[in-house]
Amino acid sequence: MSFEVPFVRIVILSFDGGQMTLDCIESLVKTDWSRDRYEIVLVDNGSLDDVTERVRAQYQDVRILEPLRNLGFAGGCNLGIQAIACSQGKPLHAYDHVALVNNDATVDAGWLKALVETIEMGSDVGAASAKMLFADRFTGIDIEVSETSIAGGGDDRLVGVCVSGIRIDGQRSDDRLQFDEGFHGPVGFDPSRGEEFARWSKNRGALRISETRTDESVQQVVSFRLSAETERTVTLRSDIDEVTVTVGGGYADKKPVFTWVDVRVGSDVFDVINNVGSNLYERGFGGDRGFLERDRGQFEQAVEVFAWCGGAVLLKKTYLDAVGVFDERLFLYYEDTDLSWRGRLQGWRYLYAPRALVRHRHAQSSGVGSDTFRFYTERNRLLVLAKNAPLWLTVRSGLGEVRRTVIINVRHLILRPLTLRMPARPEAAMRRRVLKSYLSLVPAMLRDRWLMDRRCSRQSLMKWEVSK
């Protein structure tokens, strides 16, 4: 590499991104980096909106690639990484590093300088991962349950209380709510009982509320609709208030007792972490390090991480030349985990750059919990394990998915009608869809596994596995 300032290609994907894409580009053009040493490449991934016309009109220096179809995150990024000319025939600059930035993100002026400084800390550093915060700022209420129990129905998760409705100053504002990982994912709810959703807590959890007050000194009242399988003592704490109540009972008779509890919230507004590098979790799950944690300055050190997040990352060209680009069969989700893992097997390292600040509107493309999100994350985790993980984990995960599919289909399509209940077809269909697609692609993944160039053992990388 020459001693001059490295040249960086910045790749953005847009799929009907609209104003978000323009906001992203506007932040990128204000980057504190020599303007002749970086280039912005927009990949319009088959959008139906007018974003490319608006970009051409407002940002003439942005190079646009139009594949005229949705290539997914993997294919769209690969096009931006590998293209030598834009769709108008203008040549693209050769680069030393390539940055990937989600179109639903905006960057701090110093983000690129921090990433470049980090990635050049070692010849074996293949990527530098940014500090991604949620775009919104939040107020919060912590919830603590006196005791928890084991969920029934063969589910061994600990459960505390159920939150089934929230009011903010008397108004329903579900789009402002964010439950941290002290809560289990959404489950079915019963509107006939007045439930608006159902989020079961563990013994501790936190509710984040996106801040919309023009005057943060004005207090607001947050009302919780709570229930529990048996009586529990629940404490709710905000920055200015603490309320302890006893809730629960009635579930055994299918007549839950619901209790509304009010908590005052003051002016303590804070940021919440989206990603500070990515972890390898138990059973081969990839995930955001620091996800949903309040930013208290706990991630201000540049450290090595297992993987990088494709939402905001700088990749070294020599790393991509050695390891390859994204696996386009994955289409969406886990493609960054796969490429990170493949690089790890060849001896590459990844660093987190805390001064590379990016704000992100999380999961705007497909929505967390949507069928699209669930299908690709669940299928792709299995495929990435088949290619990269130790054989015992590959086999256990694949057989586990077969077992899960059989159990859910029997339970939802056969046992429910036997108890005079309607069959639950959507979940059974999702499990069959995931398994069918996995089985169709796993032979190719196993072939890639066999042909992969490796410098370290798959088992040795399991030292990075952490518990959630």
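The values are calculated or read from the model by the stated rules, or taken from the named source; none is laboratory data. Keep in mind it's a predicted model, so treat the numbers as computed, not measured. Reconstructed Cβ throughout: ideal geometry from the backbone, glycine too, with neighbour counts over all protein chains shown.
Residues of the stretch 21-45 that are in a helix (DSSP H, G or I) and out of contact with any Phe, Trp or Tyr (no Cβ under 7 Å at 6 or more places or on another chain): THR21, LEU22, ASP23, CYS24, GLU26, SER27, LEU28, ARG35, ASP36. The residue list THR394, THR405, THR377 contains one member that is of a type in the set (Val, Ile, Thr), farther than 29 Å from GLY188 by Cα and surrounded by 14 or more Cβ atoms within 10 Å (Cβ to Cβ), which is THR394.
Within the stretch 264-281, residues that are of a type in the set (D, E, K, R) sit with their Cβ atoms under 6 Å from residues that are in a strand (DSSP E or B), at 6+ positions apart or across chains, in these pairs: ARG264/VAL221; ASP271/LEU133. In the list GLY249, GLY277, which residue meets the criterion of being at positive phi and modelled with pLDDT under 95? Checking each option against the conditions leaves just GLY249. So THR148 ticks every box in (1) hydroxyl-bearing (Ser, Thr, Tyr); (2) surrounded by 16 or more Cβ atoms within 10 Å (Cβ to Cβ); (3) within 29 Å of VAL303 (Cβ to Cβ) but one. Which box is left unticked? So THR148 meets the others, but not (3).
When residues in the stretch 155-196 are screened for being aromatic (Phe, Trp, Tyr) and either part of a loop (DSSP other than H, G, I, E, B) or at positive phi (or both), 1 of them pass. The residues on offer are ARG411, ARG374, ARG344, and the sole one that is at pLDDT 95 or above and either part of a helix (DSSP H, G or I) or closer than 22 Å to ARG9 by Cα (or both) is ARG344. Any idea which of (1) farther than 30 Å from SER370 by Cα; (2) in contact with a strand residue (DSSP E or B) (Cβ under 9 Å, 6 or more places away or on another chain); (3) of a type in the set (Asp, Glu) is the one ASP321 doesn't satisfy? That leaves (2) as the condition not met. The set of residues from the stretch 317-356 being over 24 Å from MET445 (Cα atoms) and in contact with a helix residue (DSSP H, G or I) (Cβ under 6 Å, 6 or more places away or on another chain) comprises LEU351, ALA353, ARG355, ALA356. Scanning the stretch 46-80 for residues that are under 18 Å from ILE10 (Cβ atoms), polar (S, T, N, Q) and either touching a residue at least 60 places away in the same chain (Cβ under 8 Å) or not in a helix (DSSP H, G or I) (or both) yields a count of 2.
Being farther than 30 Å from ARG69 by Cβ and either free of Cβ contacts under 8 Å to residues at least 40 places away in the same chain or assigned to a loop (DSSP other than H, G, I, E, B) (or both) is a property that does not hold for PHE326.
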